[in-house]
Amino acid sequence: MQTPSKPTVIRTDATGLASFTDDALLVLEISKREIEAGSIASSLERLHAVAESRETAMRYKESLVIQVVGYDDDPRELAEIPEVRAFFARLTLEWPHWLWFLHRQVGAIHLLMALLCRIKIHRAGLRTGTEFLDGKELAAKMIDLFERGNAMFQAFGISEAEAQASADSACAELAPTQNESHLRSDAKAPQDVRKTDR
């Protein structure tokens, strides 16, 4: 019986990332210090490295997760912290390719959109849920990311079918399932969440 291989964890900078040739789960680690200073340079450099060529764009498609460190003692959700929201708004103005690169089924797209859109956090015991307050705003932000991201697809010869499949899977990440309340936009959602806490 063959034992499964263990993942290798490699900490690297943008140069190392650009020269790495294996499949990988990319963790974009951003520190509280960077966020409070409003310094997007390091994050932007690493993000540019994954989108610098067709090879890196295809290799790292849907493999990026965001990790913000330094807020463990803060009771607020990241999307409730103004300086975190401002940091990601600035970063996203400079780098629109999130929806191609963010990992699926781990909440990465949901987190990004919660950082970019007006939201309300609902708490029920130890559980939290995110309500997007304006569905039109959410749609507009997604469309903006798709439209600005098209330049990369054209430059690297990524087909329309590949781009559409990525867009569809990104949108599906935000579609609520029967067991999720984090994306409810109807007026009853806050009441439903509060009732579960009683």
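The values are calculated or read from the model by the stated rules, or taken from the named source; none is laboratory data. Note that the structure is predicted; figures quoted are calculated from it, not measured. With ideal geometry, Cβ positions are generated from the backbone for all residues, glycine too; neighbour counts draw on all protein chains shown.
Go through the residues of segment 160-175 one by one and say whether even a single one is in contact with a Leu (Cβ under 7 Å, 6 or more places away or on another chain), at pLDDT below 95, under 26 Å from LEU28 (Cα atoms) and of a type outside the set (Asp, Glu).
Yes - at least one qualifying residue is present in segment 160-175.
Going through segment 105-115 one residue at a time, which ones are modelled with pLDDT of 95 or more and either touching a strand residue (DSSP E or B) at 6+ places or on another chain (Cβ under 6 Å) or under 22 Å from ALA49 (Cβ atoms) (or both)?
ALA108, ILE109, LEU111, LEU112, ALA114, LEU115
State whether the residues of segment 57-75 include one that is polar (S, T, N, Q), in contact (Cβ under 8 Å) with a residue 12 or more places away in the chain and closer than 22 Å to ALA151 by Cβ.
yes
Can you tell me which of (1) surrounded by 16 or more Cβ atoms within 10 Å (Cβ to Cβ); (2) acidic (Asp, Glu); (3) under 25 Å from GLU160 (Cβ atoms) is the one ASP144 doesn't meet?
Only one criterion is unmet by ASP144, namely (1).
Taking SER39, is it part of a helix (DSSP H, G or I), surrounded by 13 or more Cβ atoms within 10 Å (Cβ to Cβ) and polar (S, T, N, Q)?
Spelling it out, it is not the case that SER39 is part of a helix (DSSP H, G or I), surrounded by 13 or more Cβ atoms within 10 Å (Cβ to Cβ) and polar (S, T, N, Q).
Within segment 85-99, does at least one residue satisfy the condition of being touching a Lys or Arg at 6+ places or on another chain (Cβ under 6 Å), in contact (Cβ under 8 Å) with a residue 24 or more places away in the chain and either surrounded by fewer than 16 Cβ atoms within 10 Å (Cβ to Cβ) or in a helix (DSSP H, G or I) (or both)?
no
Just one of ALA175, ALA161, ALA155 is more than 21 Å from LEU93 (Cβ to Cβ), hydrophobic (A, V, I, L, M, F, W, C), exposed (fewer than 14 other Cβ atoms within 10 Å of the Cβ) and over 17 Å from the mean Cα position of the chain (by Cα); which is it?
ALA161
Assuming ARG33 fulfils every condition listed in (1) at pLDDT 95 or above; (2) loosely packed, with under 11 Cβ neighbours inside 10 Å; (3) under 24 Å from MET152 (Cβ atoms) apart from one, which condition is it?
(3)
So in segment 109-118, with the set limited to residues that are in contact (Cβ under 8 Å) with a residue 40 or more places away in the chain and surrounded by fewer than 21 Cβ atoms within 10 Å (Cβ to Cβ), which one is farthest from SER166 (Cα to Cα)?
LEU111
Take segment 25-76 and flag every residue that is under 15 Å from the mean Cα position of the chain (by Cα) and of a type in the set (Asp, Glu).
Hits for segment 25-76 are GLU29, GLU62.
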